[in-house]
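One structure is given below, encoded as structure tokens.
Every number here is computed from the coordinates shown, using simple stated rules; none is lab data. These numbers were taken from a predicted model, which means no experiment stands behind them. Cβ atoms come from the backbone with ideal geometry, glycine included; neighbour counts cover every protein chain shown.
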Amino acid sequence: MLKYVRIALWSMVALVAAYTLYAYIQVKDMDTAPMPLSTERVASNDDAATNGSFMPIAGLDPVGNFTLTDHEGKPFTQDSSAWQADYKLIYFGFTFCPMICPTELQKMTQVLNDLPANKSALIQPVFITIDPERDTAEAMAQYIESFHPRFIGLTGTPEQIAHMASLWKVYYAKVDDDSLSEYTMDHSSYIYLQGPEGDILGLFRMKDSAAEMTEYLAKIIP
Ligand code: NI
């Protein structure tokens, strides 16, 4: 009997070890350091498509009030008309990001181009910087030109950005690397799909392709 208990215990240890390794690999896979979230599970397209919902990020407040500055230098808040769009695809990143941010913004652009025009028109793409020190309104304006023409870029004071990031549970941190002439940023990388009621209808990871996102959005948007 004791032998079975021991086998059961060792199996559990092995499972925990395997899961830990798996979780570690998942995190390494990201642009960034791990998100400090109590719920690491985020929706894959499949989850969202089959369940119609998924476990939200703990503490996420996507309808919280904020004040930022758009890429034209104008004040931008939750009441601004672009924020009233039926749907929004929202990404937090920074213009100096060498690879992940441009890849994800390009993916959003691709999705908007691939969706039927009537559905695409309902979606406002938004890029919010987590590097307000370097990403001025002018820098944002210049940067978003490389992506979908309807993109808006948002920046603000470090305090305003910190507040916005806390509402959206975005992790970011400045990284000083002596081997680089410029500092870089660690940040979580998710594309949020926000619906008409402010609810989060999708959370896309780097592994989700533009084709998968397009398929999901085509289903979700009437
Ligand atoms: Ni990035």
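Before moving on, here are some points about what is shown:
- Search result, residues across the range 124-152 that are among the hydrophobic types (A, V, I, L, M, F, W, C) and within 17 Å of the chain's Cα centre (by Cα): 126, 127, 128, 130, 144, 147, 151, 152
- Across the range 172-222, the number of residues qualifying as away from the ligand (no atom under 16 Å from the Cβ) and either in a strand (DSSP E or B) or β-branched (Val, Ile, Thr) (or both) comes to 9.
- Checklist (1) within 18 Å of residue 217 (Cβ to Cβ); (2) assigned to a strand (DSSP E or B) applied to residue 128, failing item: (1)
- Among the residues of the range 88-113, the ones that are farther than 16 Å from residue 145 by Cβ, within 13 Å of the ligand (Cβ to nearest atom) and in a helix (DSSP H, G or I) come to 4 in all.
- Number of the exception - residue 129 against (1) polar (S, T, N, Q); (2) touching a residue at least 12 places away in the same chain (Cβ under 8 Å); (3) over 20 Å from residue 191 (Cβ atoms): (3)
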